[in-house]
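In what follows, a structure is listed as structure tokens, so that the remarks can point back to it.
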Amino acid sequence: MALEWLEKNLNWVTDQQVRLTEIPAPSFQEEKRAEEVKAILAGEGLTVHSDKMGNVIGELRGAQDKEAVLLSAHLDTVFPAGTEIKVRREGDRLVAPGISDNGTGLAGLLAVARAVHAAKIKPQRTILFAADVGEEGEGNLRGMRALIDAYRTKLRAVIVLDGSGIDHVTTKALASRRLEVVITGPGGHSWSDFGMPNPINALVRGSVRFINTKVPTSPRTTFNLGQVEGGTSVNSIPYEAKLKVDLRSESEDEIARMEAALRECTAAGVKDEMDNSRDRSRGKLDWKVNLIGSRPGGELAPDSALLAALGSADEFLGNKSRIERSSTDANIPLSMGIDAIAIGAGGNGGGAHSLQEWYEPAGREIGLKRVLLTLLGASGLAMEKSQ
Ligand SMILES: [Zn+2]
């Protein structure tokens, strides 16, 4: 049956992982990797299509097609186009950017689809196997948003495969918001126009106020000034200054409070700079705060059927896993009240988002079995012809 297929085909799974990892797929440029995944899923007896966003979806129709379960893995990586991606083998280790996040998840998705096909499993609810775009960074979960939009009324559970491991289950979605502060002014010459309001001065004045804002340790809340831009030369008063800020919290209320603080501090920084400029007749500063990304929070109910399905799989495999809060594709369904979890697809990995990212396949079969059993627990079986 399906579990045996997984045990016997581990080399195939690792080969797919290496092949897919070596096809570059920065967020917004996932097409080539998506085409490869599509070709493999089409060979597994699934009805396969791509949506407008670039997601690849393979459908295995269930006896009860009005309900569906989604198994997904994101296609994209954080590595920009041009990054050298050649998988190196160092002993039992595979080393390459993106090998674990999300090479493991994608390989797991294909392995489970193939095992289900090989065992001729007929699910009760329809199973959707999806490789989705735009999970990382400014991709802002756009692929998962489109999947949930398309299947919202049918979906009963979402299982997200992200990275490696079998030791955790993400049931709590970490909310985050990304904002960009933009301050503009007339600009001028550093000597002859000295005393004019300066957008970088205003940004610095506002930023110093903002980083003094107190955040609670519980609910854990964080902020990061991550990117700053502006100015054209050292001897020009700049006409623009920009700052990107990442806010995260276990509580949406705290995020809203931090966003309000950022706006207040920016306004105060601009006012300080205007009040201190000698020559206000020669132009004023404007400011705005743009929303550049938002990941809503949410939590899976502890008594949900999906968590029970994972619990049974863990019990069957003699595995123990801990509940985690993190920011994944599962944020979107969880924020909308759809049952969802994110789990690793087995083996061990580390160094995610770095050029030294690595993966060790040893023990992968337990992870794959855990995914398969949880998926079938959520979909139910219409009947199973084994062997
Ligand atoms: Zn990931």
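Table for the structure above
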item: Sorted peptide list for 301-309, 259-267, criterion being average Cβ within 10 angstrom, highest first; result: 259-267, 301-309
item: Sparse-neighbourhood loop sites, trypsin sites (Lys or Arg not before Pro) in the stretch 111-199 - DSSP loop, at most 13 other Cβ within 10 angstrom; result: R152
item: Cα gyration tensor, the stretch 1-84 - rounded (a/c under 1.5), prolate or oblate; result: oblate
item: Percentage relative contact order, the stretch 249-387, counting C-alpha pairs under 8 Å, at least six apart; result: 22
item: Label zone at N235, where the point sits 7 Å out along the Cα-to-Cβ direction: the stretch 178-216 residues whose backbone N lies under 12 Å; result: 189-192
item: Model label zone, A39; criterion: amide N under 19 Å from point 7 Å along Cα-to-beta-carbon; scope the stretch 90-118; result: 103, 106-111, 113-114
item: R0 of 22 Å, Cβ-Cβ distance N224-E138: FRET efficiency to nearest 0.05; result: 0.90
item: Amide H partners (placed H, <5 Å) of A340, local residues excluded; result: V158
item: For the stretch 327-387: rounded, prolate or oblate by the Cα gyration tensor [a/c cutoff 1.5]; result: oblate
item: Hz values of 3J(HN,Hα) by residue in the stretch 110-115 - Karplus curve (6.51, -1.76, 1.60), Gly and Pro given as x; result: 5, 5, 5, 4, 5, 5
item: Ordering of 4-15, 59-70 by burial proxy (mean other Cβ atoms within 10 Å per residue, highest first); result: 59-70, 4-15
item: Three-way shape call for the stretch 221-339 based on the alpha-carbon gyration tensor, with the a/c threshold at 1.5; result: prolate
item: Estimated 222 nm signal from helices in the chain, with DSSP H stretches of n ≥ 4 weighted -39500 (n - 2.57), rounded to 500; result: -10500 deg cm²/dmol
item: Net charge contributed by nearby residues that have their C-beta within less than 13 Å of H168 (K/R +1, D/E -1); result: +1
item: Spatially proximal lysines relative to K66 (Cα-Cα < 18 Å; intrachain offsets below 8 disregarded); result: K122, K154
item: For the stretch 213-220, Karplus couplings with θ = phi - 60° (6.51, -1.76, 1.60), whole Hz, Gly/Pro x; result: 5, 7, 10, x, 7, 9, x, 4
item: Alpha-carbon gyration tensor eigenvalues x 5, square-rooted, for the chain, Å; result: 46, 22, 18
item: Per-residue ³J(HN,Hα) for the stretch 28-33, Karplus 6.51 cos²θ - 1.76 cosθ + 1.60, θ = phi - 60°, Hz, x for Gly and Pro; result: 6, 9, 8, 3, 5, 5
item: Estimated distance in nm for a label pair at S294 and D246, the labels positioned 7 Å out from Cα along Cα-to-Cβ; result: 2.0
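Coordinate-derived values only; no laboratory data. The structure displayed is predicted, hence computed values, not measured ones. All Cβ positions, even for glycine, are placed from backbone atoms using ideal geometry, and neighbour counts span all protein chains on display.
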